[in-house]
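Working notes for the structure below.
Every read-out reported here was derived from the displayed coordinates using simple, explicitly stated rules and does not represent laboratory data. All figures in this text were calculated on a predicted structure; none of them were measured in a lab. Every residue, glycine among them, receives a Cβ derived from its backbone with ideal geometry; neighbour counts consider all protein chains shown.
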Amino acid sequence: MNLGKAVELIAWILSLIVAVLLILALSTIMYQHKPELFYSKVVEVGQWQPNNIEGDLPEGRKGKLIKFGYLLTSESAKWMGPMVKNPDMRFSGNNLACKNCHLDVGTRPGSASWIGVMDRFPQFRGRENKIGTIEERVNGCMERSMNGRNLPVESSQMKAIVAYMEWLGEDMPKEREKEFKGFAKIQMPVIAASPVLGKAVYISECQVCHGENGQGAWLADSTKGYLYPPLWGKDTYNHGAGMHRVLTAAQFIKGNMPWGQATIDNPKLTDEESYHVAAYINSFERPLKENADQDFPDRKLKPVSTPYGPWDDPFSPEAHKYGPFKPMVEFYQGEYSIIKTK
Ligand code: HEC
Ligand code: HEC
């Protein structure tokens, strides 16, 4: 090897070392500033937290859309309900807000939280007997719980509500889904629910906020809706709503009411008290959902606790509303091998 060649080789090795050092230095700097370039966002399952409206809103158009979704669902009467000046922009028909049932604006476990809800849609819906989208599910609550009309799928309101839901559960590890979804469980009671027994529970545990006539109480700024939402009468959910089902209402009540005292992990009422008081609040008049008889085109799929007909079984309307539900569950199991939970 002559001298020239040796120098050339050393120079080459040296430049290689410098290049490697440079790459290392650059990666260290990049790692410190943008770690996500080096691994896909791996969040520890237990560490993951839902996004919070107080500090996690992204900037720009996306953040504005999410914020709009938050307003629509927390002050619904003002943004898309009876309080809106332009009648064409009124979609919800009562002065409830979505968050009156989906507590803490869709984030509280035990109140059919929206954290992770996007992962459950599209899903099969017996009420329509087809696969339904998240937009159709939102409109289910618009037509029933809000006693209103559908938001067009392409409307900015619908896009904002869905963007808000999607953002709440952004990057949620699958393992955490159960923690947020659905309501408290209750044992399906053997006896029928009793509005008479429920009245006593209502007077001692609920009336102080929801009122003697279930009328609730307005917020100081009533354009924003209710402080304590009404439970029956003209300005609440209609007879086609999930909350009008005694079993569903009992699950909601057990995990969340009385407000400020009950949580899903630490309920105040027993299963039976929840069940009876659910019967009491649902024993009064409320708005009627049009065409409710067309729900559940396959009637065998109708939950036994659906309080409106028609049904394909020999049980009375009274029994479908208040139970006892066990004999109906047994009937469907024996006749059609269908196992019903509600
Ligand atoms: C009167 C109470 C009430 C109000 C108000 C209400 N909902 Fe609901 N919502 C329910 C109940 C009850 C369920 C569950 C029904 C069931 O599974 O039987 C539900 C379910 C849902 C679901 C599906 C949740 C899941 O985990 O699958 C979505 C999404 C939803 N509601 C959105 C909304 C939106 C958006 C609004 C406002 C426009 C709203 N809801 C207003 C009671 C309500
Ligand atoms: C301390 C006041 C308070 C008491 C007591 C209370 N609630 Fe509520 N309730 C609320 C508030 C507040 C909301 C709405 C929460 C929100 O908008 O964030 C609510 C929501 C509800 C809803 C869903 C909204 C609707 O209009 O359908 C039902 C059902 C309900 N309560 C039933 C009951 C029952 C039954 C009891 C008694 C076991 C009870 N509540 C006791 C304050 C109370």
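Overview of results
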read-out: Max mean-square fluctuation residue, GNM over the chain, Cα-Cα springs under 10 Å, options Gln207, Gln47, Gln215; value: Gln47
read-out: Span from the the stretch 296-331 Cα centroid across to the the stretch 221-258 one, whole angstrom; value: 22 Å
read-out: The chain, relative contact order [Cα under 8 Å, separation at least 6], %; value: 17 percent
read-out: Helix axis angle, 246-256 relative to the chain longest principal axis, alpha carbon, degrees; value: 50 degrees
read-out: Rounded to 10°, Cα long-axis angle of helix 134-143 versus longest principal axis of the chain; value: 30 degrees
read-out: Of Leu57, Leu168, Gly116, farthest towards positive along the dipole that unit charges on Lys, Arg, Asp, Glu beta carbons give the chain; value: Leu57
read-out: Net charge over other residues, Cβ less than 13 angstrom from the Cβ of Ile338 (K, R count +1; D, E count -1); value: 0
read-out: Neighbourhood charge, 15 Å Cβ-Cβ cut-off, centred on Arg90 and excluding it, Lys, Arg +1 and Asp, Glu -1; value: -1
read-out: With Cα atoms, 0 to 90° folded angle of helix 326-336 axis to the chain main axis; value: 70 degrees
read-out: 13 Å beta-carbon shell around Asn213, net charge (K/R +1, D/E -1); value: 0
read-out: Built amide H within the under 5 Å cut-off of Leu227, gap 5+; value: Ala217, Trp218, Leu219
read-out: Principal axis dimensions, largest first and in whole angstrom, of the chain by Cα; value: 106, 53, 38
